[in-house]
Amino acid sequence: ALQEGNTFPIDFGPYLLPSPNTFSGPHETIMKDASLRVSGRLWRLPGGTMALSSLIQRREEKMESTFLQGVNTANGNPTFSFMPWRSQEVDSIYLEAQAPIVSQANARRLLRTLDVQISARRDDYTSRSPDNTNRGYSVPSREGPFPALIYTDNRHSSTKHTLGVRYAPVDGLT
């Protein structure tokens, strides 16, 4: 049998999930950051004063344990996922030097400007998470029981170097 939808609309109510059908949180993320930065001029070079800049930094980030509550689409019952805490720590050190070798003070023919800049940065990362995964664990309720978790530390480092030269054979051209 056909039915006219404007006069006799179809009731889809029995087929709809409760709304909202996903609840998440609360989510608590904590970040602690400490930095020490030192910079200044060091000594006089033929083209000007050499400058140095340095940074030492420690950053700690932690996401506390949280929950995701959803609805099973087959039967309408609630589902719970437990997201265990995870953290990351980063230790960084940075050093940069700028050395003006040639400037207007000691310029020569076809050598008006010569600056050298060098920098290095080192970052050491430690990430802590259960079983090295990013997924949640299915639990019967917010009260648990919760799975036994084994936390692993993942460590990696990164070192980057940069060398730059600025040269000008004549005034106004670099």
Problem - Normalised contact order of the stretch 1-153, rounded percent, pairs of Cα under 8 Å and 6 or more residues apart - result: 20
Exercise for the section: Report the label-to-label distance for GLN88 and GLN117 in nanometres (one decimal), using points 7 Å from each Cα along the Cα→Cβ vector. Expected result: 2.7
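Per Stokes-Einstein, at 10 °C and 1.306 mPa s, what whole-number D in µm² s⁻¹ belongs to the stretch 11-75, with the Kirkwood radius over Cα pairs as the hydrodynamic radius?
89
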Problem - Rg over Rh, two decimals, the stretch 30-108 (C-alpha only, Kirkwood Rh) - result: 1.50
Practice task
Counting other Cβ atoms within 10 Å, keep those with at most 12, restrict to DSSP loop, and tell me which trypsin sites (Lys or Arg not before Pro) in the stretch 110-141 are left.
Solution key: ARG135
Completion exercise
Taking every C-alpha to C-alpha distance in the chain and binning by 5 Å from 0, the per-bin percentages run 2, 6, 10, 10, 9, 8, 7, 7, 6, 6, 6, 6, 5, 4, 4, 2, 2, 1, 0, 0
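Got a number for carbon plus sulfur as a percent of the chain's accessible area, 1.4 Å probe? Kindly include the intermediate steps, with their values, before the conclusion.
Numbers: 6910 of 12340 Å².
In the chain, the share of accessible area belonging to carbon and sulfur is 56 percent.
At 1.4 Å probe size, with every protein chain present, just tell me what the per residue accessible area of the chain comes to in Å².
71
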Problem - Estimated FRET transfer efficiency (VAL165, ARG135; beta-carbon r; R0 35 Å; 0.05) - result: 0.10
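The values are calculated or read from the model by the stated rules, or taken from the named source; none is laboratory data. Not measured: the values here are computed from a predicted model. Glycine gets a Cβ as well: all are built from the backbone with ideal geometry, and neighbour counts include every protein chain shown. Remember, those area values only see protein heavy atoms, side chains included, never the ligands or the DNA or RNA. Shrake-Rupley method; radii C 1.70, N 1.55, O 1.52, S 1.80 Å.
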